[in-house]
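Down below is the structure, laid out as C-alpha coordinates.
The values are calculated or read from the model by the stated rules, or taken from the named source; none is laboratory data. Nothing here was measured: the structure is a model prediction, and the numbers come from that model. With ideal geometry, Cβ positions are generated from the backbone for all residues, glycine too; neighbour counts draw on all protein chains shown. Areas reflect the complete protein model, heavy atoms only, side chains present, ligands, DNA and RNA absent. Shrake-Rupley method; radii C 1.70, N 1.55, O 1.52, S 1.80 Å.
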Amino acid sequence: MLFFVLFVFLFLSVFLVSPPFLFSAFSTLLGDAGKTTFAKQLTMQYMNPTYQEKYANIARTNLLYVYKEIILYLRNLDFDFPTINLKDVHTVTNSCDLMSGDTVSACLNLRDVAFVKKVLTENGNNLDIPGGREGGEYFLQSLERISDPDFVPTKEDIIRSRTRTTGIHETNFNFNGKNMALVDVGGQRSERRKWLPSFSGVTSAVIYVVSTSDYNTMLEEDRKVNRLVDSVQLFHTLQSSPFLQGVPFMICLNKIDLFKRKLPESPISDYFPEYTESSDPDTNFKNGLEFISDLFRRNAVTEPNIFPTCALDAEECVQVFKTIFTHLMKNMLDDTGTLV
(Lines give C-alpha, C1' and ligand atoms only; values in the text may rest on other atoms or scores of the structure.)
Protein backbone atom coordinates (compact mmCIF):
# COMPACT_ATOMS: atom_id res chain seq x y z
CA MET A 1 0.00 0.00 0.00
CA LEU A 2 1.37 3.42 -0.90
CA PHE A 3 2.04 5.43 2.21
CA PHE A 4 1.51 9.13 1.96
CA VAL A 5 1.73 11.76 4.69
CA LEU A 6 0.75 15.40 4.91
CA PHE A 7 2.51 17.87 7.17
CA VAL A 8 0.86 21.17 7.95
CA PHE A 9 2.79 24.13 9.34
CA LEU A 10 0.40 26.75 10.65
CA PHE A 11 1.88 30.15 11.31
CA LEU A 12 -0.40 32.20 13.57
CA SER A 13 -0.22 35.84 12.52
CA VAL A 14 0.88 38.41 15.07
CA PHE A 15 -2.00 40.54 13.83
CA LEU A 16 -5.42 39.22 14.82
CA VAL A 17 -6.97 40.68 11.70
CA SER A 18 -4.63 38.73 9.44
CA PRO A 19 -5.49 35.22 8.25
CA PRO A 20 -3.38 32.26 9.42
CA PHE A 21 -0.73 31.00 7.01
CA LEU A 22 -0.78 27.29 6.28
CA PHE A 23 2.32 25.42 5.13
CA SER A 24 1.77 21.88 3.91
CA ALA A 25 4.30 19.17 3.15
CA PHE A 26 3.49 16.09 1.13
CA SER A 27 5.49 12.93 0.73
CA THR A 28 4.85 9.95 -1.51
CA LEU A 29 6.47 6.70 -0.63
CA LEU A 30 5.82 3.17 0.49
CA GLY A 31 7.72 3.34 3.70
CA ASP A 32 10.50 5.40 5.14
CA ALA A 33 11.13 8.34 2.84
CA GLY A 34 12.05 10.66 5.64
CA LYS A 35 9.05 12.96 5.88
CA THR A 36 8.23 11.87 9.44
CA THR A 37 11.93 11.95 10.28
CA PHE A 38 12.08 15.51 8.97
CA ALA A 39 9.15 16.44 11.21
CA LYS A 40 10.66 14.72 14.26
CA GLN A 41 13.91 16.62 13.79
CA LEU A 42 12.02 19.92 13.86
CA THR A 43 9.82 19.10 16.83
CA MET A 44 12.73 17.77 18.89
CA GLN A 45 14.82 20.82 17.99
CA TYR A 46 12.20 23.39 18.87
CA MET A 47 9.87 21.68 21.30
CA ASN A 48 11.87 18.83 22.89
CA PRO A 49 8.75 16.65 23.32
CA THR A 50 8.72 13.60 25.58
CA TYR A 51 8.79 10.78 23.03
CA GLN A 52 10.44 8.12 25.17
CA GLU A 53 7.50 5.90 26.08
CA LYS A 54 5.94 5.99 22.61
CA TYR A 55 9.17 5.37 20.73
CA ALA A 56 10.43 2.58 22.98
CA ASN A 57 7.67 0.38 21.57
CA ILE A 58 8.17 1.68 18.03
CA ALA A 59 11.93 0.97 18.13
CA ARG A 60 11.25 -2.59 19.33
CA THR A 61 8.70 -3.11 16.57
CA ASN A 62 11.17 -1.79 13.99
CA LEU A 63 13.92 -4.10 15.22
CA LEU A 64 11.70 -7.17 14.97
CA TYR A 65 10.54 -6.02 11.53
CA VAL A 66 14.14 -5.99 10.26
CA TYR A 67 14.48 -9.68 11.11
CA LYS A 68 11.12 -10.51 9.55
CA GLU A 69 12.02 -8.75 6.29
CA ILE A 70 15.32 -10.63 6.04
CA ILE A 71 13.59 -13.96 6.66
CA LEU A 72 10.84 -13.13 4.15
CA TYR A 73 13.43 -12.19 1.53
CA LEU A 74 15.19 -15.53 1.98
CA ARG A 75 11.96 -17.50 1.87
CA ASN A 76 11.03 -15.83 -1.39
CA LEU A 77 14.33 -17.19 -2.74
CA ASP A 78 13.44 -20.67 -1.42
CA PHE A 79 16.45 -20.49 0.87
CA ASP A 80 17.08 -23.69 2.82
CA PHE A 81 17.54 -22.51 6.41
CA PRO A 82 20.10 -24.55 8.36
CA THR A 83 18.44 -26.97 10.78
CA ILE A 84 20.21 -25.36 13.72
CA ASN A 85 18.48 -22.03 12.97
CA LEU A 86 14.98 -23.28 12.17
CA LYS A 87 13.58 -22.89 15.70
CA ASP A 88 14.80 -19.29 15.97
CA VAL A 89 13.51 -18.44 12.47
CA HIS A 90 10.10 -19.87 13.41
CA THR A 91 10.05 -17.93 16.70
CA VAL A 92 10.85 -14.60 15.03
CA THR A 93 8.44 -15.17 12.15
CA ASN A 94 5.52 -15.87 14.46
CA SER A 95 6.26 -13.21 17.06
CA CYS A 96 4.35 -9.93 17.17
CA ASP A 97 6.24 -8.53 20.16
CA LEU A 98 9.99 -8.37 20.63
CA MET A 99 9.56 -8.63 24.40
CA SER A 100 7.37 -11.73 24.36
CA GLY A 101 8.48 -15.30 24.97
CA ASP A 102 11.83 -16.31 23.46
CA THR A 103 11.85 -13.61 20.76
CA VAL A 104 14.83 -11.65 22.10
CA SER A 105 16.84 -14.86 22.54
CA ALA A 106 15.99 -15.95 18.98
CA CYS A 107 17.02 -12.56 17.59
CA LEU A 108 20.32 -12.72 19.46
CA ASN A 109 20.97 -16.19 18.06
CA LEU A 110 20.27 -15.06 14.49
CA ARG A 111 22.05 -11.72 14.54
CA ASP A 112 25.53 -13.03 13.73
CA VAL A 113 24.44 -15.91 11.49
CA ALA A 114 26.04 -15.72 8.04
CA PHE A 115 22.81 -15.60 6.00
CA VAL A 116 21.43 -12.68 8.06
CA LYS A 117 24.64 -10.68 7.64
CA LYS A 118 24.86 -11.48 3.94
CA VAL A 119 21.31 -10.36 3.15
CA LEU A 120 21.67 -7.15 5.13
CA THR A 121 25.06 -6.32 3.60
CA GLU A 122 24.22 -7.15 0.00
CA ASN A 123 20.50 -6.35 -0.21
CA GLY A 124 19.67 -4.21 2.82
CA ASN A 125 19.17 -1.07 0.75
CA ASN A 126 16.59 -2.85 -1.40
CA LEU A 127 14.54 -4.24 1.48
CA ASP A 128 11.60 -2.40 3.01
CA ILE A 129 13.33 -1.83 6.34
CA PRO A 130 13.79 1.44 8.27
CA GLY A 131 16.86 3.20 6.90
CA GLY A 132 17.92 0.43 4.52
CA ARG A 133 21.15 -1.45 5.22
CA GLU A 134 22.51 1.18 7.63
CA GLY A 135 19.25 1.33 9.55
CA GLY A 136 19.01 -2.45 9.75
CA GLU A 137 22.56 -2.73 11.07
CA TYR A 138 21.82 -0.01 13.62
CA PHE A 139 18.80 -1.84 15.03
CA LEU A 140 20.48 -5.24 15.10
CA GLN A 141 23.56 -3.88 16.89
CA SER A 142 21.27 -2.13 19.40
CA LEU A 143 19.36 -5.32 20.23
CA GLU A 144 20.56 -5.70 23.83
CA ARG A 145 19.89 -2.06 24.62
CA ILE A 146 16.48 -1.89 22.93
CA SER A 147 15.31 -5.15 24.49
CA ASP A 148 16.24 -4.00 27.99
CA PRO A 149 13.01 -3.63 30.04
CA ASP A 150 14.22 -0.20 31.19
CA PHE A 151 15.10 0.97 27.66
CA VAL A 152 14.81 4.75 27.15
CA PRO A 153 15.18 5.77 23.46
CA THR A 154 17.87 8.23 22.49
CA LYS A 155 17.25 10.96 19.92
CA GLU A 156 18.95 8.77 17.31
CA ASP A 157 16.62 5.86 18.18
CA ILE A 158 13.64 8.15 17.66
CA ILE A 159 14.95 9.54 14.37
CA ARG A 160 15.70 6.08 12.99
CA SER A 161 12.37 4.57 14.06
CA ARG A 162 9.56 4.37 11.55
CA THR A 163 5.84 4.10 12.01
CA ARG A 164 2.97 4.42 9.57
CA THR A 165 0.55 7.24 10.14
CA THR A 166 -3.20 6.69 10.29
CA GLY A 167 -5.70 9.43 10.99
CA ILE A 168 -4.55 12.97 11.77
CA HIS A 169 -1.95 13.85 14.41
CA GLU A 170 -1.09 17.41 15.42
CA THR A 171 2.04 18.65 17.19
CA ASN A 172 2.58 22.26 18.23
CA PHE A 173 5.94 24.01 18.47
CA ASN A 174 7.53 27.44 18.09
CA PHE A 175 9.80 28.46 15.22
CA ASN A 176 11.44 31.90 15.03
CA GLY A 177 8.81 33.31 17.35
CA LYS A 178 5.95 31.86 15.30
CA ASN A 179 3.50 29.39 16.79
CA MET A 180 3.28 26.37 14.51
CA ALA A 181 1.09 23.31 14.29
CA LEU A 182 2.47 20.28 12.51
CA VAL A 183 -0.31 17.99 11.33
CA ASP A 184 0.69 14.49 10.24
CA VAL A 185 -1.94 12.80 8.06
CA GLY A 186 -2.06 9.21 6.86
CA GLY A 187 -2.56 9.44 3.11
CA GLN A 188 -2.99 6.25 1.15
CA ARG A 189 -4.12 6.72 -2.44
CA SER A 190 -7.76 6.14 -1.55
CA GLU A 191 -7.66 8.89 1.11
CA ARG A 192 -6.04 11.73 -0.84
CA ARG A 193 -9.30 13.06 -2.18
CA LYS A 194 -10.70 13.28 1.37
CA TRP A 195 -8.24 15.78 2.83
CA LEU A 196 -7.09 17.85 -0.16
CA PRO A 197 -10.23 20.05 -0.32
CA SER A 198 -9.64 21.02 3.33
CA PHE A 199 -6.68 23.14 2.29
CA SER A 200 -8.49 25.21 -0.30
CA GLY A 201 -7.73 28.89 0.14
CA VAL A 202 -5.65 28.52 3.31
CA THR A 203 -2.38 26.95 2.18
CA SER A 204 0.50 29.39 1.76
CA ALA A 205 3.07 26.85 0.54
CA VAL A 206 3.59 23.14 -0.02
CA ILE A 207 6.72 21.27 1.06
CA TYR A 208 6.86 18.08 -1.02
CA VAL A 209 9.19 15.42 0.42
CA VAL A 210 10.56 12.86 -2.06
CA SER A 211 12.64 9.76 -1.41
CA THR A 212 15.44 9.86 -3.99
CA SER A 213 16.32 6.27 -3.09
CA ASP A 214 12.95 5.09 -4.45
CA TYR A 215 14.23 5.29 -8.02
CA ASN A 216 14.71 1.50 -8.15
CA THR A 217 11.61 0.31 -6.24
CA MET A 218 8.00 -0.33 -7.18
CA LEU A 219 4.70 0.46 -5.49
CA GLU A 220 3.37 -2.19 -3.16
CA GLU A 221 -0.10 -1.64 -4.60
CA ASP A 222 1.09 -1.97 -8.19
CA ARG A 223 4.43 -3.71 -8.76
CA LYS A 224 4.56 -2.34 -12.31
CA VAL A 225 4.71 1.31 -11.19
CA ASN A 226 8.03 2.82 -10.17
CA ARG A 227 7.78 4.78 -6.90
CA LEU A 228 9.73 7.76 -8.17
CA VAL A 229 7.55 7.93 -11.29
CA ASP A 230 4.46 7.82 -9.06
CA SER A 231 5.91 10.60 -6.92
CA VAL A 232 6.46 12.79 -10.00
CA GLN A 233 2.94 12.09 -11.24
CA LEU A 234 1.40 12.94 -7.89
CA PHE A 235 3.43 16.14 -7.74
CA HIS A 236 1.96 17.18 -11.09
CA THR A 237 -1.54 16.26 -9.88
CA LEU A 238 -1.16 18.37 -6.74
CA GLN A 239 0.17 21.38 -8.63
CA SER A 240 -2.73 21.06 -11.05
CA SER A 241 -5.32 20.84 -8.28
CA PRO A 242 -7.77 23.75 -8.11
CA PHE A 243 -7.31 23.67 -4.31
CA LEU A 244 -3.62 24.58 -4.65
CA GLN A 245 -3.65 27.04 -7.54
CA GLY A 246 -1.00 29.73 -7.15
CA VAL A 247 0.57 28.02 -4.12
CA PRO A 248 4.41 27.80 -4.24
CA PHE A 249 5.93 24.32 -3.98
CA MET A 250 9.18 23.42 -2.21
CA ILE A 251 10.60 19.98 -3.04
CA CYS A 252 12.89 18.18 -0.58
CA LEU A 253 14.87 15.49 -2.40
CA ASN A 254 15.37 13.40 0.71
CA LYS A 255 17.47 10.35 1.61
CA ILE A 256 20.37 11.43 -0.56
CA ASP A 257 22.72 9.44 1.68
CA LEU A 258 20.95 6.17 0.87
CA PHE A 259 20.60 7.24 -2.77
CA LYS A 260 24.38 7.67 -3.03
CA ARG A 261 25.02 4.24 -1.50
CA LYS A 262 22.56 2.56 -3.85
CA LEU A 263 23.99 3.91 -7.10
CA PRO A 264 26.98 1.52 -7.47
CA GLU A 265 24.71 -1.47 -6.77
CA SER A 266 21.69 -0.37 -8.80
CA PRO A 267 22.31 1.96 -11.79
CA ILE A 268 19.66 4.58 -12.51
CA SER A 269 19.75 3.62 -16.20
CA ASP A 270 18.32 0.19 -15.33
CA TYR A 271 15.07 1.98 -14.46
CA PHE A 272 15.37 5.16 -16.53
CA PRO A 273 17.12 4.24 -19.83
CA GLU A 274 17.40 7.90 -20.82
CA TYR A 275 19.87 8.51 -17.98
CA THR A 276 23.58 8.47 -18.88
CA GLU A 277 25.76 6.87 -16.21
CA SER A 278 29.15 8.28 -15.20
CA SER A 279 32.09 6.11 -14.16
CA ASP A 280 32.99 8.62 -11.43
CA PRO A 281 30.86 7.96 -8.29
CA ASP A 282 30.73 11.60 -7.18
CA THR A 283 29.81 12.82 -10.66
CA ASN A 284 27.18 10.10 -10.99
CA PHE A 285 25.67 11.10 -7.64
CA LYS A 286 25.55 14.78 -8.65
CA ASN A 287 24.13 13.96 -12.10
CA GLY A 288 21.61 11.58 -10.56
CA LEU A 289 20.22 14.28 -8.28
CA GLU A 290 20.02 16.68 -11.20
CA PHE A 291 18.23 14.03 -13.27
CA ILE A 292 15.60 13.57 -10.55
CA SER A 293 15.25 17.34 -10.17
CA ASP A 294 14.65 17.63 -13.93
CA LEU A 295 11.93 14.96 -13.76
CA PHE A 296 10.00 17.23 -11.40
CA ARG A 297 10.79 20.42 -13.31
CA ARG A 298 9.57 18.92 -16.59
CA ASN A 299 6.30 17.91 -14.94
CA ALA A 300 5.82 21.12 -12.97
CA VAL A 301 2.96 23.51 -13.53
CA THR A 302 4.95 26.26 -11.80
CA GLU A 303 8.70 26.21 -11.08
CA PRO A 304 9.43 24.58 -7.68
CA ASN A 305 12.34 25.32 -5.36
CA ILE A 306 14.34 22.10 -4.84
CA PHE A 307 16.46 21.21 -1.81
CA PRO A 308 18.57 18.01 -1.42
CA THR A 309 18.18 16.71 2.15
CA CYS A 310 19.12 13.94 4.55
CA ALA A 311 16.51 13.80 7.29
CA LEU A 312 18.84 11.83 9.59
CA ASP A 313 21.03 14.94 9.85
CA ALA A 314 19.39 17.16 12.47
CA GLU A 315 21.48 20.22 11.67
CA GLU A 316 20.80 19.90 7.95
CA CYS A 317 17.04 19.49 8.48
CA VAL A 318 16.87 22.64 10.57
CA GLN A 319 19.01 24.56 8.07
CA VAL A 320 16.87 23.42 5.14
CA PHE A 321 13.71 24.43 6.97
CA LYS A 322 15.20 27.84 7.78
CA THR A 323 16.05 28.28 4.09
CA ILE A 324 12.52 27.29 3.09
CA PHE A 325 11.10 29.62 5.72
CA THR A 326 13.21 32.51 4.36
CA HIS A 327 12.04 31.80 0.79
CA LEU A 328 8.42 31.80 1.89
CA MET A 329 8.71 34.97 3.92
CA LYS A 330 10.38 36.70 0.96
CA ASN A 331 7.58 35.53 -1.35
CA MET A 332 4.99 36.89 1.06
CA LEU A 333 6.83 40.20 1.27
CA ASP A 334 7.03 40.42 -2.53
CA ASP A 335 3.33 39.55 -2.90
CA THR A 336 1.82 41.61 -0.07
CA GLY A 337 4.47 44.08 1.06
CA THR A 338 4.14 42.79 4.64
CA LEU A 339 5.47 39.90 6.69
CA VAL A 340 3.41 37.82 9.11
**Study point:** Test result for I268, open to solvent by less than 10 Å² (accessible area, probe 1.4 Å), of a type outside the set (S, T, Y) and modelled with pLDDT of 95 or more
**Key:** yes
**Study point:** Criterion (closer than 20 Å to V206 by Cβ and of a type outside the set (A, V, I, L, M)) met by exactly one of K286, K255, K262
**Key:** K255
Study note, to complete from the structure: If we keep only residues of region 275-318 that are hydroxyl-bearing (S, T, Y) and in a loop (DSSP other than H, G, I, E, B), then the residue most open to solvent (accessible area, probe 1.4 Å) is S279
Practice item. Tell me which residues, restricted to region 283-311, are modelled with pLDDT of 75 or more and under 27 Å from I158 (Cα atoms). Key: I306, F307, P308, T309, C310
Review point. If you take the residues in region 121-149 that are under 20 Å from P264 (Cα atoms) and in contact with a Lys or Arg (Cβ under 6 Å, 6 or more places away or on another chain), which one is surrounded by the most Cβ atoms within 10 Å (Cβ to Cβ)?
Key: G131
Practice item. Name the single residue, out of those in region 111-120 being within 14 Å of D88 (Cβ to Cβ) and not aliphatic (A, V, I, L, M), that is surrounded by the most Cβ atoms within 10 Å (Cβ to Cβ). Key: F115
Check your understanding: Wholly within region 83-192, which helices (runs of 4 or more DSSP H) include no fewer than the required count, namely at least 2 residues that are at pLDDT below 85?
Key -> 155-160
Review point. In this structure, is T163 open to solvent by 20 Å² or more (accessible area, probe 1.4 Å) and closer than 25 Å to F38 by Cα?
Key: yes
Check your understanding: Could you say which residue among L86, L63, L72, L108 is open to solvent by less than 60 Å² (accessible area, probe 1.4 Å) and either over 28 Å from D150 (Cβ atoms) or not charged (D, E, K, R) (or both)?
Key -> L63
